[in-house]
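Below is one structure, written out as structure tokens; the observations come after it.
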Amino acid sequence: MKQFWPANLLVLAVSGTALLCGLGLLGAGNRELAGWVWVAGSAPAFVLLLYDTVRALAKREAGVDMLALLSIGGAIALGEYLTGAVIAAMLASGRALESFAQRRAGREMSALLAKAPRTAHRFEEGGLVQIPLQQVIRCDRLLVRSGDTVPVDGSLTSPLAILDESTLSGESIPVERRQGALLRSGALNAGAPFEMLATTNAAESTFAGIVRLVSSAQSSKAPASRLADRYALWFVPLSLGLAGVAWFVSGDPVRALAVLVVATPCPLILSVPVAIVSGMSVCAKRGVLVKGGGALEQLARAKVLFFDKTGTLTGGRARLVSIKAEAGVKAQEVLRITASLDQMSGHVIGTAVVAVARERGLSLTIPTAVQEQRGAGLIGVLDGNQVAIGSYDFVSTRATSPEWARAFLEEVAEEGGAAVFVALDGSIVGALHLADQIRVETPRALRLLRRAGIKRIVILTGDHRQIAETIGAAVGVDEVRAEQTPAEKQGAIESGRSLGPTMMVGDGVNDAPALAAADVGVAMGVRGAAASSEAADVVLLVDRLDRLAEALHTARATRSIALQSVFAGMGLSALAMLIAAFGYLPPLYGAVLQEAIDVAVILNALRALWIAPLRASRHTLSASQLATLRSDHAALAPVLDHLTSLANGLTAMAPAQVRQAVRELDGILQEKLFPHERSDDTDVYPVLAELLGGDDPMAAMSRTHREIFGLGRRLKRIIKTMPPNEGAQAESLTELQRILFSLDAILRLHFAQEEEIYQNLG
């Protein structure tokens with residue numbers, strides 16, 4: 001009986017009122033009129049049960065409503081009018097409770113749809129006009145008022161915007177965005193009004209895609225109780241058979257009615273949908289859209305996990321890995337020149353370079369006479385100098401090439417990514433290595449997925465084998481299948497079913513066949529292709545891979561709760577059936593007992609609304625603490641770049657230059673890096689240790705600090721031994737380079753470890 005909330009309340013009101021009125025008439029001595037009132041009160045429930053039963057039988061489904069229908073009909077036919085009224089009232093109350101649970105569980109999805117913007121404010125002819133969202137086009141200049149939702153994706157033109165991006169990122173604390181930042185639709189303006197330039201129309205924006213997915217999930221078939229249907233296949237005939245035997249042995253049809261009354265399969269009809277919908281609600285609250293009860297049940301059974309690499313295990317966006325600078329040129333200057341020229345490009349790599357430069361607080365200048373050869377590079381004039389940036393082939397035809405250029409190209413090809421070379425006034429002065437790097441949360445997410453029940457993890461990617469295997473080794477998967485076509489991905493998933501139910505995670509158009517082939521397809525829906533999101537059973541609305549582990553944990557807990565309700569409810573019903581078959585449980589008392597069982601299993605099913613999250617720690621860092629820790633690392637990124645550049649270029653420097661260069665580096669380390677590490681030890685690590693628990697959970701990290709300080713002392717000692725006018729000798733130069741490379745490696749590893757700890761506690 002899947003009526004809407006008002007219909008369930010109406011049936012409950014009619015049956016409940018009739019039951020009470022009939023009891024009043026019976027107390028007044030008017031038994032005959034009381035009987036007619038009880039029959040009238042039972043009629044709405046009987047009619048609706050009849051409708052549901054006929055519809056189920058027409059679909060060749062189990063028809064678990066049949067027993068309730070026979071119970072009410074049999075009670076009326078045998079003159080047990082009070083029993084029929086009690087069954088109707090009890091059944092209606094259970095249905096009303098189910099509807100309440102479904103409404104309560106669906107609030108997160110409905111709340112998301114309610115946030116969808118309907119209008120936008122566009123500047124037209126010097127004025128501001130409110131227009132329907134559908135009329136927004138690219139390059140429209142828009143105003144987003146305080147409290148409004150960003151209507152479409154775009155670029156921020158105002159100096160500052162403060163946004164609540166919880167709908168998109170899951171982070172509840174507002175974030176600051178600076179001029180030129182990319183804005184995603186769906187974010188809420190939590191500060192002063194700001195202006196933006198639309199880069200998409202309404203239909204192509206981020207939030208519109210999310211709303212389409214949620215609307216599709218809500219309008220699809222209600223969460224099917226496949227779990228319930230399987231058990232109903234044997235429970236219904238068993239109940240009918242036992243009722244028939246009781247009637248045949250006793251010769252009393254009331255005995256059969258008593259069996260049917262307590263056999264009413266409300267634990268199946270009610271508890272499973274309540275648990276499933278509640279589990280879907282919890283997933284939605286944690287940024288995961290599950291497109292139906294069947295998908296949630298399949299997710300709970302998944303054992304083998306397949307991942308596409310790009311956009312899933314990795315971020316899907318270009319990130320700066322390293323900067324190579326010519327001797328005498330600072331790494332930060334190479335980045336500043338590149339980013340200044342890249343302001344004029346719409347290429348994704350150019351956008352990434354500009355974003356990194358803004359994060360590091362570099363002052364960019366506006367170039368002139370810019371020309372772009374799409375897919376190759378740009379040339380222009382910057383601060384009076386002729387500049388060229390782009391691929392090696394593009395830049396090397398316009399500038400002389402240094403000896404290190406070829407080696408840098410080979411390094412980038414081996415590690416994966418793109419190389420952007422920078423030429424200034426006819427000479428290549430540096431290069432950037434940009435790559436799609438592993439998400440900070442990926443290693444933790446895979447550990448949590450194994451903890452949640454995944455037995456085997458496989459990478460399926462079209463990338464080169466060397467790159468794929470490097471990623472696989474870094475994150476700890478069981479198998480890597482590289483250079484896969486969409487058809488080969490699909491075949492790999494089908495063959496993987498021999499190990500258990502399969503799950504595939506992807507974000508691109510080429511992943512759609514694999515997502516559809518898997519028992520559970522999971523799409524990264526925030527930035528993923530529409531085709532993959534449509535083909536998937538589960539969509540991650542928050543761009544965090546660890547939310548998949550949360551969804552898997554929630555699905556398994558939900559299925560467990562549903563099974564508990566089914567077995568407990570059906571076991572108690574079976575025991576009551578046996579008691580009724582032997583004549584010790586009259587129909588009226590059986591109806592009351594059955595209602596008690598129903599309420600118990602529904603309340604148990606509602607526990608799915610409060611499934612605890614799967615997390616390594618019960619404590620978290622505050623948003624301000626997390627922002628401070630991450631900003632400290634971002635501020636130190638130039639220091640690491642300078643260290644790397646000096647370590648790589650040390651042997652190419654003249655001996656007299658070495659002493660000055662390392663003295664300058666030592667000053668930077670003493671002024672910026674080492675105080676940061678000491679502050680971590682004295683101020684940050686005690687806080688983290690208290691959150692993590694245990695005797696000394698940060699001991700290994702503190703040990704790394706001691707190693708860093710030790711390398712710093714050795715660096716200072718070598719500087720002191722250098723002759724003032726001669727610079728470093730060959731032996732000390734080798735030792736110096738070894739120290740710099742060691743310091744570079746340990747600092748980058750240490751920062752990555754700290755970032756993962758911050759991510760876990762954030």
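Structure above, values below:
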| quantity | calculated |
| --- | --- |
| Accessible surface, the range 422-472, averaged per residue in Å² (probe 1.4 Å) | 37 |
| Amide H contacts under 5 Å for VAL321, placed H, 5+ residues apart | HIS433, LEU434, ALA435 |
| Loop-resident sites, the range 432-506, for trypsin sites (Lys or Arg not before Pro), counting at most 14 other Cβ within 10 Å (DSSP) | LYS455 |
| Radius ratio Rg over Rh of the range 562-703, counting only Cα atoms, Kirkwood formula for Rh | 1.49 |
| Within the range 659-756, GluC sites (Glu not before Pro) in DSSP loop having at most 15 other beta-carbon neighbours inside 10 Å | GLU726 |
| Rounded to whole Hz, the Karplus (6.51, -1.76, 1.60) HN-Hα couplings of the range 68-79, x for glycine and proline | 5, 4, 5, 5, 5, x, x, 4, 5, 5, 8, x |
| Whole-Hz ³J(HN,Hα) from phi, Karplus 6.51 cos²θ - 1.76 cosθ + 1.60, for the range 398-410, glycine and proline x | 10, 7, 6, 9, x, 5, 6, 4, 5, 5, 5, 4, 5 |
| Computed accessible area, SER278, all protein chains, 1.4 angstrom probe, square angstrom | 0 |
| Karplus-derived HN-Hα couplings along the range 251-259 (A = 6.51, B = -1.76, C = 1.60, θ = phi - 60°), whole Hz, x at Gly and Pro | x, 10, x, 5, 4, 5, 4, 4, 5 |
| Amide H contacts of SER427 (H built 1.01 Å from N, under 5 Å, at least 5 apart or other chain) | THR400 |
| For THR314, distant residues with modelled amide H under 5 Å away | ARG439 |
| Probe 1.4 Å - accessible area at TRP247, Å² to nearest ten | 130 |
| Cα-derived Rg over Rh, computed across the range 416-528 with Rh taken as Kirkwood radius | 1.09 |
| Computed lengthening from SER363 to ALA192, 0.36 nm per intervening residue step minus Cα-Cα distance | 59.1 nm |
| Only Lys, Arg (+1) and Asp, Glu (-1) charged, at Cβ; the range 273-362 dipole about Cα centre in debye | 260 |
| Kirkwood estimate for the range 280-420, i.e. one over the average of 1/r between Cα atoms, Å | 18.2 |
| Neighbour net charge for ALA275 - beta-carbon separation under 10 angstrom, K R +1, D E -1 | +2 |
| Local electrostatic count at SER205 - Lys and Arg +1, Asp and Glu -1, tallied over other residues with Cβ under 10 Å | -1 |
| Rel. contact order, % - alpha carbon contacts under 8 angstrom, at least six apart, the range 328-477 | 17 |
| Residues of the range 376-419 with amide N under 15 Å of the 7 Å Cα→Cβ point at GLN466 | 406-419 |
| Highest average packing first - 353-365, 178-190, Cβ atoms within 10 Å | 178-190, 353-365 |
| Computed accessible area, LYS330, all protein chains, 1.4 angstrom probe, square angstrom | 130 |
| Accessible area, probe 1.4 Å, largest first, for residues TYR685, TYR584 | TYR584, TYR685 |
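The values are calculated or read from the model by the stated rules, or taken from the named source; none is laboratory data. Only a predicted model underlies this, so the values are computations on that prediction, with no experimental measurement involved. Positions of Cβ are backbone-derived with ideal geometry, glycine not excepted, and every protein chain shown enters the neighbour counts. With ligands, DNA and RNA removed, areas are computed over all heavy atoms of the protein, side chains included. Shrake-Rupley method; radii C 1.70, N 1.55, O 1.52, S 1.80 Å.
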